[in-house]
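*Asks:* Sharing a structure below in structure tokens format, with a few things to ask.
The values are calculated or read from the model by the stated rules, or taken from the named source; none is laboratory data. In this text the structure is predicted, and so the values were computed from the model without any measurement. For neighbour counting, all protein chains shown are included, and Cβ atoms are generated from backbone atoms with ideal geometry for every residue, glycine included.
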Amino acid sequence: MIIPAKCRHMYLDLDRTLFDTHAFMVAVQRASEEVFGEYEVKATALHENYTDFRGRVDKQYYYQLFEHLAHYGIAKELAEERLRLVLKSVDFLYPDARDLLEFIHTQHLDAEILTFGEPLTQNFKYSFIPASHTLPLVSLLSSKGHYIKSQSKQASIIIDDKLITDLPGSCQGILLDRHQAEALVKNQDYWTINDLRIVKEFLL
Ligand SMILES: [Mg+2]
């Protein structure tokens, strides 16, 4: 197995890479029916109309949770307070994400979470990551490749469940596909992995 030059800095995607966004959406919809009873919010309705509360940049969509709840008359502060109470016991990190974040912390590696999305919603998701596992969060509504180009030129890797096509030469793209049979596949100019624990091979 040939691994590219070891990197110094790491960017990690949030949605569907570290964070189980599908589980979060289902939990939010169910919890909303429970905690916003007086606003007559139904989980099925939230599931059916959530796409009306997405924004779009080029071909990428992002969901605006608090705009969605505001549609039912629920203020952001109340939404956050009540949802947090119900959801705080739920673990939205994937098991391999938890392992990788632990590794990053124990090895004191240089890493940040780089997410495409509306900051209020992304910050709320991020708040469910245990403090012991957090990394700096950067929320963008523009291209990740453009952001990385604007940063230092040191060798880096980015792990994302979507292929990023505008990376600078200093940044190695690693596509996460948990359905892939092989642990590690070398493609033309990016790697594909099926488990975040494999990222350790690219580090140190
Ligand atoms: Mg993602």
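*Asks:* Checking the structure you have, find out if any residue of the range 124-137 is out of contact with any helix residue (DSSP H, G or I) (no Cβ under 7 Å at 6 or more places or on another chain), farther than 24 Å from ARG84 by Cα and touching a residue at least 24 places away in the same chain (Cβ under 8 Å).
*Replies:* Looking through the range 124-137, none of the residues is out of contact with any helix residue (DSSP H, G or I) (no Cβ under 7 Å at 6 or more places or on another chain), farther than 24 Å from ARG84 by Cα and touching a residue at least 24 places away in the same chain (Cβ under 8 Å).
*Asks:* Are there strands (runs of 3 or more DSSP E) fully within the range 1-105 with at least 2 residues that are under 14 Å from the mean Cα position of the chain (by Cα) and within 16 Å of the ligand (Cβ to nearest atom)? List them.
*Replies:* Hits in the range 1-105: 9-12, 60-63.
Here is a yes/no grid of residues against (1) modelled with pLDDT under 95; (2) out of contact with any strand residue (DSSP E or B) (no Cβ under 8 Å at 6 or more places or on another chain); (3) of a type in the set (Ser, Thr, Tyr):
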site	(1), (2), (3)
ARG82	no, yes, no
PHE103	yes, yes, no
ASP110	yes, no, no
THR115	no, no, yes
ASN123	no, no, no
SER132	yes, yes, yes
SER152	yes, no, yes
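*Asks:* From the list GLY55, GLY73, GLY37, exactly one residue is touching a strand residue (DSSP E or B) at 6+ places or on another chain (Cβ under 6 Å) and surrounded by fewer than 15 Cβ atoms within 10 Å (Cβ to Cβ). Which is it?
*Replies:* That would be GLY55, the only listed residue that is touching a strand residue (DSSP E or B) at 6+ places or on another chain (Cβ under 6 Å) and surrounded by fewer than 15 Cβ atoms within 10 Å (Cβ to Cβ).
*Asks:* Does the range 146-153 contain any residue that is part of a helix (DSSP H, G or I), in contact (Cβ under 8 Å) with a residue 40 or more places away in the chain and over 21 Å from HIS22 (Cα atoms)?
*Replies:* So far as the range 146-153 goes, yes, one or more of its residues are part of a helix (DSSP H, G or I), in contact (Cβ under 8 Å) with a residue 40 or more places away in the chain and over 21 Å from HIS22 (Cα atoms).
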